[in-house]
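The values are calculated or read from the model by the stated rules, or taken from the named source; none is laboratory data. On a predicted model such as this, the values are computed, not experimentally measured, just so you know. FYI the Cβ positions are ideal-geometry reconstructions off the backbone, even for glycines, and counts take in every protein chain you see. For the accessible areas, the whole protein counts, side chains as well, though only heavy atoms, and no ligand, DNA or RNA atoms are used. Shrake-Rupley method; radii C 1.70, N 1.55, O 1.52, S 1.80 Å.
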Amino acid sequence: MKKFNIRKVLDGLTAASSSSSSSPSATQTGAQNDPVPEVLQSDHFQLCKTVRHGFPYQPSSMAFDPVQKVLAVGTQSGALRLFGRAGVECYCQHESGAAVIQLQFLINEGALVSALADDSIHLWNLRQKIPAVLHSLKFNRERITYCHLPFQSKWLYIGTERGNIHIVNVESFTLSGYVIMWNKAIELSTKTHPGPVVHISDNPMDEGKLLIGFECGVVVLWDLKCKKADCRYTYDEAIHSVAWHHEGKQFVCSHSDGTLTTWNIRAQTKPQIITPHGKQPKDGKKPEPCKPILKVEYKTTRAGDPFMVLSGGLSYDTVGRRACLTVMHGKSTAVLEMDFPIVDFLTLCETPYPNDFQEPYAVLVLLEKDLVLIDLGQIGYPIFENPYPLTIHESPVTCCEYFVDCPAELIPALYSVGSRQKRQGFSKKEWPISGGNWGQGTQSYPEVIITGHADGSIKFWDASALMLQVLYKLKTAKVFERARRSEEKAGSEIVDEDPFAIQTLSWCPESRMLCVAGVSAHIIVYRFSKQEVTTDTVQLLEVRMQSEFSEGDSPDPAGDQTPTLPTPSSPQEVEPPPQTPNSDGPRDNIPCLQVRSSPLKQSPGFQVELVVQLLWVSGEPPQPITSLAVNSSYGLVVLGNSSGLAVVDFLQKTLLLNMGTSELCSPADPPLRQPRSPRKTRQISTAASDSMDGSNTSEDRCKSPTSARMSRKISSSGEQKSDLAERRVPPRHSPTCKQPLSCVNEGVAAAGTNWAFFRTKSAPPSKANASFTRSRSSSVSSIDRESREVISSFCFCESFPKKGEGSLGPCLLLGTSQGSVIMVALSLPPTGESRLQQPVGIASCGSLVTLKGGILTMALLDSSGSLLPPPSEQWYDPNGSEEEREKRRRRPASPTSPVEGQDSQFLVLCSEKQAKVLALPSQTRVHKHSITESSFVLRADVVTVGGGNCIACFCANGHIMTLSLPSLRPPADVNYLPLTDMRIARTFCFSHLGQALYLTSPTEIQRITYSQDTCEHRQEMLSELFTPVETPEAPNRGFFKGLFGGGAQSLDREDLFGETGAGKASRSLAQHIPGPGGMEGMKGAASGVVGDLARARIALDERGQKLGELEDRTAAMMASADSFSKHAHDMMLKYKDKKWYQL
């Protein structure tokens, strides 16, 4: 991966300098602002992955080290995920991307062997923080089907599809010349091929005997020394797995007909056959066949009956039943249903030695979308509480936001309310996968990740220090009524599936205000409280947004011709004609979801403040919400879509503005319109009903929340509390702008309902446009862009609403999909009681500037180049004391007024194609930079990193780049990740301090950093998988077993499989790809404090071993010297008195 593109850096410098001198005013302003210091340079940026969270996507295999207490999971995409104690995770990837079919730990050695579907095996070094491949072996002529590595052995058995078994030295990763050929293993009289090798294991009590299982049902006990088959066991049904009893006298096979056969190694023809889930006929006939038993494990206990654990084997009449795990213990059989299909399972035991009582204590079950650990030591087999963040995909993720350097008290507050949501009934024991050590990083700032899901839930995660832990879960669907099956289509027309799915969200960490937009055109405003409350009636505001006049709603010619400001929505005197989803005419004035009418009990945490719903208009569903923002200091929520803009005062529960985008751009020359009076009891004519079909076809509906911010179909519903709109506020002009906004109040409401209908005139959309709004395509790309201008981004700020304005004031910046940036001035009443009674004034100041492509982000800098965050208030408990609320609700004072005639702010704008910086209040362009011509920007954020500010961009061509502010100089441009999935575009987000993340798969979050400082300290922050642990002592054979030879028999595999005894293997059979070092190099490759201890321990062991060898050699030399002295003395005595001729 290249770090930087120097050519683009130079091009950016040239473009910036040329744009600064494009006009005299720009030159003057640029010269004035040139002294703004910029500290960001290319050496402040480096891009690297930090950590991956979540459940391994599409798992295929797993392995467990019982001494190190570390779990490894392989996936179908060639990924490896390793887990230790809570917070200890690691991710690595095979280069080939082939599926991992099997994993084998070198127990307590800090190494792992992986076998892939492309017939290659790899040796991974786990003694370093970032595991690396030490050796690889690629088979050329045979396909790998099974691997087995005996405990404390360096010889790996590999079974192939042809039925042969090859042996690999894992230290050198070279093949042995010893090969077990299939035709020698089976009987000579057998006329058919036995099939692939499906099992290999050595006898627990005799390492010289190897048990080989072939798919056809033949099992062979092979004598390694004699190189011949000792016994053969034949059964009619195919074999799926084999398990030994620890005494090595019998073994169990699972078969494709749902049977288990138990064989005594001395009796080859009489197995004991059972069908765990088969119905036993009364006439003694053979039980009916069942589904295959895919795996069986046989584990013994010292003080009780053995455990037999198996997956599969259910009866065929259990159609539609979920996958089950069966635990047979003595006379009891427990069938445990799983939520997802079983991929693999392992029985965790107290000892790593296969020839001792296993003492199983848990069963680890790997499912397609979950990891379950079952406690075998408690009645009822409860599961352990999983400490890993594996529930990201509990419901599909539809949006994601990342917040860095949050207030210090925020995470404890979320944890305190979230701890009450934990499930009960878990095992009381500690999580047994407890290996590894946490990193020693110095990164201490709080980080929060928020994920929105398809079921309407929102999860808050603590992401500090490269870890991930769920803090709190919010269920937004509780606000709405659950539609009955017969009414679902009638009330939820535009979303067949997941009507509560989260579309986008806006969160203020300082005030803890949360605003959520869903795919059913509903917006929910939440406040955070530590106290439980019960809301009798949910506060509701219904908004009718339409960008055109319909034929049936002609203007009232008697109305006033003078344009007026929009007024807050208020009750009207005449109730509109009731519309129901089942009416014959077109849908009109109805929401898409029904807000619950019963009291809502709200637990401590985020509690509903207001629900806003967009309504159907003349048979057309509400348009998708493309942008959303909430400001706690102003008390406003603003939302936008292709129909226009709506501003809601969530303090007064009123609609302040509902207007089309086109009318916001040029307030100085408003279109001539006739305000319309409220509609009376005018009914829709039959002809109109016949001509407008109120139903939508299935192709016109958005079926799932899979698209990004700007292309989701939405709907929602509810009832309005009667006391929400008890006052009417007269129109007034904003003091900031000369020309106020024009809008027509067409609201119609009864005394008990607040109907906020504001309609604006614009060009009618074409059929193509209408069909696009109901499509599922993503709006983050520039392909198939809507022709209508869509609100794409918002920014609340304290700025200069007019060109040349001398005073700061509350403002709202709007960005559109066609590159327009519009300034809207806000006039806020004083804080306190006046804020709840007096209306908020809104006036458009017109378009500031236009950029190429849709606007993605906007921000303000002060004259020194520091980032100005949106105004916000400190959090206060809405259910706390009045004194505390008034104290903390006080809005911060506005910034001091600037010096007259000087620019004191920079407005930073970034679109899909370019970035611009404007000086305010003169509104002159200071800098301009073309980001990309051939591609487009998917996500852009203004962030603080390395002591400076920059725009961080992620482009569709895979480039991640930064633009230093305010000069827009590009210090970094890295080709990182080509856009291969719209999921990445929808979830990619930058945050401060050089952090970013995206959803790399439906179940996993990938965190990256573009900060050089974080990359340098990454090694320290990462956790360690390997820790020095003493291997348990081997089981004691006992006096009589040692005396009479009844214990385990060892085998000198080096003598048997080495080059001296077995010769060399064929070079064409497999290709060896060497890694950076062998096993000895691996032992010294660990880093950090634990690595130093490991190296010291290894050095001591080697020194002790050498001293022991020296002592043995010294003793042997002394014994040899004594023997020589004795023989010399005997010779002397023998020949002492003899003459020379007598010799």
If you wrap a convex hull around the C-alpha atoms of region 295-363 and split its volume per residue, what is the figure in Å³? 92
For residue 1112, the accessible surface traced by a 1.4 Å probe with all protein chains present amounts, in square angstrom to the nearest 10, to 100
Roll a 1.4 angstrom probe over the protein heavy atoms and tell me the percent of accessible area of region 938-1030 that is carbon or sulfur. 48
Whole-Å distance linking the alpha carbon centroid of region 999-1020 with that of region 273-316 is 47
Need one value: the accessible area of residue 324 in square angstrom, 1.4 angstrom probe, rounded to the nearest 10. 10
Solvent-accessible area of residue 329 with every protein chain in place, 1.4 Å probe, in Å² to the nearest 10: 60
Less than 14 Å Cβ to Cβ from residue 348, Lys/Arg counted +1 and Asp/Glu -1: what total charge do the surrounding residues give? -4
Taking the highest mean first, how do the peptides 995-1001, 229-235 order by number of other beta carbon atoms within 10 angstrom per residue? 995-1001, 229-235
How large a share of the accessible area of region 801-853, in percent, is made up of carbon and sulfur atoms when the probe is 1.4 Å and the other protein chains stay in place? 44
At a 1.4 Å probe, what is the % contribution of carbon and sulfur to the accessible area of region 342-384? 51
In the structure displayed, which of 369/601; 209/299; 69/225; 227/1064; 285/331 lie more than 24 Å apart, Cα to Cα? 369/601; 69/225
Once the Cα atoms of region 140-275 are picked out, what are the Rg and Dmax in Å? 14.3, 45
Total formal charge among the other residues, if their Cβ is under 14 angstrom from that of residue 269, Lys/Arg +1 and Asp/Glu -1: +1
For every other residue with a beta carbon closer than 13 angstrom to the beta carbon of residue 181, add +1 if it is Lys or Arg and -1 if Asp or Glu, then tell me the sum. +3
Rg and Dmax of region 360-489, Cα atoms, in Å? 17.8, 57
Debye-sum result for region 29-146 in log10 I(q)/I(0), which assumes one identical scatterer on each alpha carbon, at q = 0.17, 0.23 Å⁻¹: -0.84, -1.35
Cα point-scatterer Debye curve for region 287-439, base-10 log of I(q)/I(0) at q = 0.11, 0.12, 0.16 Å⁻¹: -0.58, -0.68, -1.04
Accessible-area order for 75, 333, largest to smallest, probe 1.4 angstrom, reads 333, 75
Highest mean packing first, using Cβ neighbours within 10 angstrom, the peptides 913-924, 247-258 sort as 913-924, 247-258
Can you put 321, 162 in order of accessible area, largest first, using a 1.4 Å probe? 162, 321
Using only the heavy atoms of the protein chains and a 1.4 Å probe, how would 38, 447 rank by accessible area, largest first? 38, 447
